[in-house]
Amino acid sequence: MKHKEIVELLSEMTIEEKIGQMVQISGDIFLSEDTSRILTGPLHDLHLSKEKVYHVGSVLNIVGAERVKKVQDEYLSKSRLKIPLLFMDDIINGYKIAFPIPIAQGCSWNTKAIKEMTKISAMESSIAGANVNFSPMVDLSRDARWGRMMESIGGEDPLLGEIYAKTIVKAYQGKNLSDIGKIASCVKHIAAYGAVEAGRDYNTVDMSEREFRQYYLPPYKAAIEAGAEMLMTSFNILNGIPSTVNKWLIQEVIRKELGFKGIVISDYGAIKETITHGYSANETEAAKNAINAGVDIDMMSSIYANHLKDLCLENQEIEKKVNESVLRILTLKNKLGLFENPYGNANQTKEKIYLMNSSNLEKAKKLTQETFVLLKNKNHVLPLEKNKKIALIGPYIDNIGITGSWSMFSDRTKNGTILDIFKEKMGSQVLYAKGCEILRQEEINKILSADGLPTVHVENEAQREQDMIVSAIQTAKKADIILLALGEHYRQSGEACSRSNIALPENQIQLINELYILSKPIVLILFNGRPIELNKIEEKLDAILEVWFPGTTGAKAIVEMLFGEENPSGKLTMSFPQNVGQCPVYYNHYNTGRPHHDNLRYVSRYQDIPTESLYPFGYGLSYCDFKYTQIHLNKHKMRKNETITVTVKIENQSDYAGYEVIQLYIQDLYGSVVRPVKELKAFKKEYFKPHEIKYIHFDIDLPMLKFWNEKLEFVAESGEFKVFVGGDSVNVLEDRFELWI
Ligand code: GLC
């Protein structure tokens, strides 16, 4: 439709129909034969009449061409103006093909890989009828206790967050939203959700505006500049006001300053939660606060449905805002071509051909391998030699639950396991013992009851545990090397999964301790959704391969990497703490007046652990041996319109070929506000042949040196700078230069 036709349509709508467009509910009601039953059930809790249900503008949690068409048909059959529903979903790391969870994808430092994964996911989602994807989550995240670290694509760094946000939004949306394979991106969660106090989900966020602008805002800004069609507000308060009703955030920053013209949707029930927060006195106020702040869609609450009409009757200004919101919603539907084809690109025939096709699965495996991070490889125990006897031990050796907690649409039964792949490679003489469960039943029961499922009692768990360890030891004794696959349960990370203890579970640590006694090399494959506390076991392990939750093709990707068919190239986007007491720990911290220094007492440190992280931001090993030997600046004084070229010589001193992520960091040694000890400013992922030497160049320009000063101006200041180049944020070559403005 032409824009003027959209405007005409808006003028034909009743106030009830307009407000309906601003309401989003779960779409399963339209699939139920007996809608009256549903109305007395889930929607009864939402206090929505049947009439209001058939006015809603969008649904969530419905995907699959057949289901989408059924829901759309049912809805339109009772719609006066035949305005099609929008279908929105959480397709966080892939639809049918589950890709690695976002924290893992971010560790690839490869925008081409992320773009490729996103495009495959978008195509699968598009032909399955999804119009909008609640992705990417670009919340800067520094606290490993927070379960939603697993969703954070940029980790603890704002630059990575910006680059990945832009990459993903463009890959989802392309140039024309109605094209097959394109879906609208709903970027989340505005704002600063990753800064929840103590890493506890949904908790308070309070920070200076300068901190917010310096670290948390850039990824959202990049997403908006990339053309994101939608933003989702976060559950947390930001400086005393819930984000969802925060006029400064939505109106001043997002709309006016950043020029966002798309749709703002609340998170799940977040408008109603402003009452619980103690900001809105009642539901009417919640509706008023949200519409005045600029939220266009109320996700899964009835606040707009039941209170906006009266507010419009009282105040024309509110009706004006309603009209603006509805126009934005109709405009998105029009961009998606839904008025011409309410089914969008939903297509069962295409689904049968395209979903989980072998070519994409092969691509997924290659892309997945870019996300693994080799944290330790003592005496080059990896890659494994085929003639060695390998004992496969651990609850993740034969486990399909490796796709993470947001992969509800992927078919896990299609996931091969490490044991399957080994059997394919080595025949049946594979040595295997489970060794232990992922969690003891008490921990599993906490997860089950949180999900409203019945808990389970296990008889003689301690004896079973002991028997499994004995069996594992017997198996390990027959082998030359132990391959141990351990980690978190996939339901220990994700939403509402904050934890005060981020170590491996006791039963897993016990297995490690028992196996360690055998004095055989132990290779740990680590499955997790957040940085894990490893300091108690790290010294007992000869190698650690961080695989996160690698998705559908993860097992094959892992085994090929273990045998050297692929070479690890991933780098951490989040620091691994020494232990949970160190959280939050991140590389771009301030120096303090008493920075840590060995053997000094009155410095900023802990008495019981080292001050630096166990594994730093940007860290990751390779089978190659990269040596950074020289750094050179073409000059050491820079005027404001000039650049400095940094050249670094890197040699691959190994017989392996592989990729290295060369990272450029800068420190502004002093400023009108203190500046962090390091900030990532650029990186390059370069391929090296065996024994190849490369000279890698970076240009430093003025925008790299800008920051938010105490007057909240985004400026660069004359002064002295250090420049660092390395394969992580700690082991670096350094030099200095001056900026003269
Ligand atoms: C959840 C999450 C959000 C998700 C939404 C819809 O509570 O916070 O990330 O997209 O609800 O499921």
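Figures for the structure shown
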item	result
Candidate set: the range 64-79, residues that are farther than 30 Å from residue 554 by Cα and touching a residue at least 40 places away in the same chain (Cβ under 8 Å); chosen: the one farthest from the ligand (Cβ to nearest atom)	76
For residue 641: the one exception among (1) loosely packed, with under 14 Cβ neighbours inside 10 Å; (2) assigned by TED's automatic domain parsing to the domain that holds residue 393	(2)
Residue list for the range 621-668, filter: among the small types (Gly, Ala, Ser) and not in a strand (DSSP E or B)	622, 654, 657
Where residue 219 falls short, out of the listed (1) of a type outside the set (D, E, K, R); (2) under 19 Å from residue 277 (Cβ atoms); (3) within 16 Å of the ligand (Cβ to nearest atom); (4) not in a loop (DSSP other than H, G, I, E, B)	(2)
Qualifying residues in the range 243-262 (those that are in contact (Cβ under 8 Å) with a residue 60 or more places away in the chain and outside any helix (DSSP H, G or I)) - the one nearest to the ligand (Cβ to nearest atom)	262
Residue in the range 557-576 that is assigned to a loop (DSSP other than H, G, I, E, B), in contact with a strand residue (DSSP E or B) (Cβ under 7 Å, 6 or more places away or on another chain) and hydrophobic (A, V, I, L, M, F, W, C) present	yes
Only one of 163, 237, 180, 224 that is β-branched (Val, Ile, Thr), away from the ligand (no atom under 16 Å from the Cβ) and over 30 Å from residue 664 (Cβ atoms)	180
So residue 529, is it touching a Phe, Trp or Tyr at 6+ places or on another chain (Cβ under 8 Å) and over 24 Å from residue 569 (Cβ atoms)	no
Close pairs from the range 524-553: first not assigned by TED's automatic domain parsing to the domain that holds residue 435, partner modelled with pLDDT of 95 or more and assigned to a strand (DSSP E or B), Cβ under 9 Å, at least 6 apart	none
Identity of the residue in the range 471-504, within 16 Å of the ligand (Cβ to nearest atom) and of a type in the set (Gly, Ala, Ser), that ends up surrounded by the fewest Cβ atoms within 10 Å (Cβ to Cβ)	496
Residue among 150, 123, 117 that alone is within 15 Å of the ligand (Cβ to nearest atom), part of a helix (DSSP H, G or I) and touching a residue at least 12 places away in the same chain (Cβ under 8 Å)	150
Residue satisfying all of: in the range 263-285; polar (S, T, N, Q) and in a loop (DSSP other than H, G, I, E, B); nearest to the ligand (Cβ to nearest atom) among these	266
Cross-chain or 6+ apart pairs with Cβ under 8 Å, the range 296-311 first and farther than 20 Å from residue 247 by Cα, then assigned to a strand (DSSP E or B) and within 16 Å of the ligand (Cβ to nearest atom)	300/24; 300/25; 300/26; 300/60; 302/23; 305/23; 305/298
Only one of 427, 394 that is over 24 Å from residue 573 (Cβ atoms) and modelled with pLDDT under 95	427
Lone qualifier among 11, 32 - being more than 25 Å from residue 135 (Cα to Cα), surrounded by fewer than 16 Cβ atoms within 10 Å (Cβ to Cβ) and modelled with pLDDT under 95	32
Selected residue [under 30 Å from residue 492 (Cβ atoms), outside any helix (DSSP H, G or I), more than 16 Å from the ligand (Cβ to nearest atom) and of a type in the set (Lys, Arg)] from 96, 82	96
Criterion: at pLDDT 95 or above, assigned to a helix (DSSP H, G or I), surrounded by 19 or more Cβ atoms within 10 Å (Cβ to Cβ) and polar (S, T, N, Q) - qualifying residue of 507, 513	507
Matching residues, the range 334-361, being touching a residue at least 12 places away in the same chain (Cβ under 8 Å) and outside any loop (DSSP other than H, G, I, E, B)	334, 335, 348, 350, 351, 354, 360, 361
Selection status of residue 419, among the hydrophobic types (A, V, I, L, M, F, W, C), buried (at least 16 other Cβ atoms within 10 Å of the Cβ), touching a strand residue (DSSP E or B) at 6+ places or on another chain (Cβ under 8 Å) and in a strand (DSSP E or B)	no
Residue match in the range 132-143 (condition: out of contact with any strand residue (DSSP E or B) (no Cβ under 7 Å at 6 or more places or on another chain), away from the ligand (no atom under 16 Å from the Cβ), assigned by TED's automatic domain parsing to the domain that holds residue 60 and within 24 Å of residue 211 (Cα to Cα))	yes
Among the residues listed as 225, 273, the single one being among the charged types (D, E, K, R), under 22 Å from residue 330 (Cα atoms) and either touching a residue at least 24 places away in the same chain (Cβ under 8 Å) or surrounded by 24 or more Cβ atoms within 10 Å (Cβ to Cβ) (or both)	225
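Results for (1) surrounded by 22 or more Cβ atoms within 10 Å (Cβ to Cβ); (2) under 26 Å from residue 502 (Cα atoms); (3) among the aliphatic types (A, V, I, L, M), shown as yes or no for each residue.
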position: 549; (1), (2), (3): yes, yes, no
position: 554; (1), (2), (3): yes, yes, no
position: 573; (1), (2), (3): yes, yes, no
position: 580; (1), (2), (3): no, yes, yes
position: 597; (1), (2), (3): no, no, no
position: 603; (1), (2), (3): no, no, yes
position: 610; (1), (2), (3): no, yes, no
position: 618; (1), (2), (3): yes, yes, no
position: 623; (1), (2), (3): no, no, no
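The values are calculated or read from the model by the stated rules, or taken from the named source; none is laboratory data. These numbers come from a predicted model, not from an experiment. We place every Cβ from the backbone using ideal geometry, glycine too, and count neighbours over all the protein chains shown.
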